[in-house]
Amino acid sequence: MTERDPGPLRIVLTGGPGGGKTTAADLFRREIGDDVVIVPESATTLFAGGFPRSRDPEAQRSVQRAIFEVQRSLEDIQAADFPDRVLLCDRGTVDGAAYWPDGSDEFFARMDTTFDAELSRYDAVLFFETAAVGDVRIEGGNRYRVESNTEAIELDHRLRELWMTHPRFFLIPHHPSFIRKITTGLSILESVVAHHRSRETP
């Protein structure tokens, strides 16, 4: 993985649908405070604004291109506006490759980038495994999420195959207790932030 350009610490929260990452992001911000800025999930932002959904492959390509561009732009805007804060990204630019109809290689080629370049945008990855693996119904947490449990598990696997190649990949596995799962994630996040700050201290 190539070195990332200097800038704020950038941590991505990702995982299959129903993993609890969006809830975790808000709780992390409340716990850590003003040192954290959340970069919202671009897909939810677009769909909430009326962006159309479709099962047609060509339409899906257009949707994923829009999500990719909005996600990257949101991250860059927040990095410019808050250079001294931790950016907590609700999903990242790599995620779209798991949704691309023609596979990840084709996705990065069509986005005019590379897998390595997008992976290197992030200092650490916290991967929240979908609750669907524990046979927990995931409907209802996000009204813009349309995946079944089976689809959520398949997406979880594809996303993990992509993100786990990052040198600072941390898996937060499903747990029957959501509180324990979030506590595990918070502990990892605090460790990542503390490690980064210790390296910055002269």
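Each residue of the stretch 48-58 was assigned a 3J(HN,Hα) from its phi angle through the Karplus curve 6.51 cos²θ - 1.76 cosθ + 1.60 (θ = phi - 60°); the sequence is 5, x, x, 4, x, 10, 7, 8, 5, x, 5 Hz, with glycine and proline shown as x.
Under the criterion of Cα pairs below 8 Å and six or more residues apart, the relative contact order for the chain equals 32 percent.
Under 5 Å between amide hydrogens, built in the peptide plane, is the criterion, and for PHE128 it picks out THR14, GLY15, ILE172 among residues at least 5 positions away or on other chains. Rounded to the nearest Hz, the phi-derived 3J(HN,Hα) couplings of the stretch 105-116 under the Karplus curve 6.51 cos²θ - 1.76 cosθ + 1.60 (θ = phi - 60°) are 4, 5, 4, 5, 5, 5, 7, 6, 8, 10, 4, 4, where x marks glycine and proline. Computed from phi, the 3J(HN,Hα) profile of the stretch 12-23 under the Karplus parametrisation 6.51, -1.76, 1.60 (θ = phi - 60°) reads 9, 9, 9, x, x, x, x, x, x, 5, 5, 4 Hz, with x in place of Gly and Pro.
Calculated mean residue ellipticity, 222 nm, the chain: -15000 deg cm²/dmol, from DSSP H runs (n ≥ 4) at -39500 (n - 2.57) each, averaged per residue and rounded to 500.
Size check on the stretch 1-83: the Cα extents along the three principal axes, sorted descending, read 41, 29, 26 Å.
Read the figures in this text as sums done on the coordinates, not as results from a lab. Quick caveat: nothing in here was measured; it's all calculated off a predicted structure.
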